Every structure is written in structure tokens, then in C-alpha cells.
Amino acid sequence: MEAAIQIGDEVEFRLDTKFGEMEGWYRGIVFRIEPYSEHRSFYWVKLDDVSRAVLKIGEISIFNPKNIRRKVNQ
């Protein structure tokens with residue numbers, strides 16, 4: 001099992017089809033984690049420059065664990 005995401009981790013997060021043309025994976029760094037329940041948390045992500053330019057926002061919270069993962073090295 002992969003270690004839990006922590007503050008300072010580089011991550012990728014996904015916006016699903018409800019975001020239309022914005023659907024896809026984006027990158028950023030986790031700067032805050034707000035526990036919601038025993039099994040879920042809100043992960044606050046500061047977007048990287050490319051993601052910020054595309055989405056026109058600086059930060060986002062991700063709740064669904066299926067929509068966030070550690071950055072995949074390329």
C-alpha cells in the first residue's frame with residue numbers, strides 16, 4: 001500500500017467530465033490537509049504554473065481520493 005499523501009508532496013489531481021474542456025490531470029503541491037472523516041480528507045493543492053494558467057485559479061481542494069495521486073515521474 002502506498003504511503004498517505006502529506007503536506008509538501010508533489011501531486012497530480014484530476015478534474016472529471018463535469019469540468020468539460022478542463023477535464024484531465026493537473027499538478028501542484030499539497031499545502032494543507034483538512035480531515036473530514038476517519039477515511040477521507042480535503043487535500044488543498046497549490047497549482048503549478050502550467051495548471052494555474054489553464055485553470056485560472058491558484059489553489060484547489062480535492063476530496064475524492066480517486067482524483068489525487070503522487071506525481072508520476074516522467
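Overview of values
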| quantity | calculated |
| --- | --- |
| Computed lengthening from E10 to W25, 0.36 nm per intervening residue step minus Cα-Cα distance | 4.1 nm |
| Under 5 Å, built H, 5+ apart or other chain: amide partners of K71 | E10, V11, E12 |
| Debye, to nearest 20: dipole size of the chain, +1 on Lys, Arg Cβ, -1 on Asp, Glu Cβ | 40 |
| Cβ-based net charge around G58, under 15 Å, with every Lys or Arg adding one and every Asp or Glu removing one | +2 |
| Vicinal HN-Hα couplings computed from phi for the range 8-19 (Karplus, 6.51 cos²θ - 1.76 cosθ + 1.60; Hz; Gly/Pro x) | x, 6, 7, 10, 10, 10, 10, 9, 8, 4, 5, 8 |
| Set of aspartates and glutamates near K56 by C-alpha distance (under 18 Å), chain-local residues within fewer than 8 positions excluded | E12, D16, E21, E23, D48 |
| 5 angstrom amide H check on I62, placed H, neighbours 5+ away | Y43, W44, V45 |
| Relative contact order %, the chain, counting alpha carbon pairs below 8 Å whose residues are six or more apart | 32 |
| Fluctuation leader among K18, K46, K56 - the chain, Gaussian network, Cα springs under 10 angstrom | K18 |
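The numbers here are math on the coordinates, done by the rules we state, and not lab data. The structure presented is a predicted model; accordingly, all values stated were derived computationally and were not measured. Don't worry about glycine lacking a Cβ; one is built from the backbone with ideal geometry, like all the others, and counts go over all protein chains shown.
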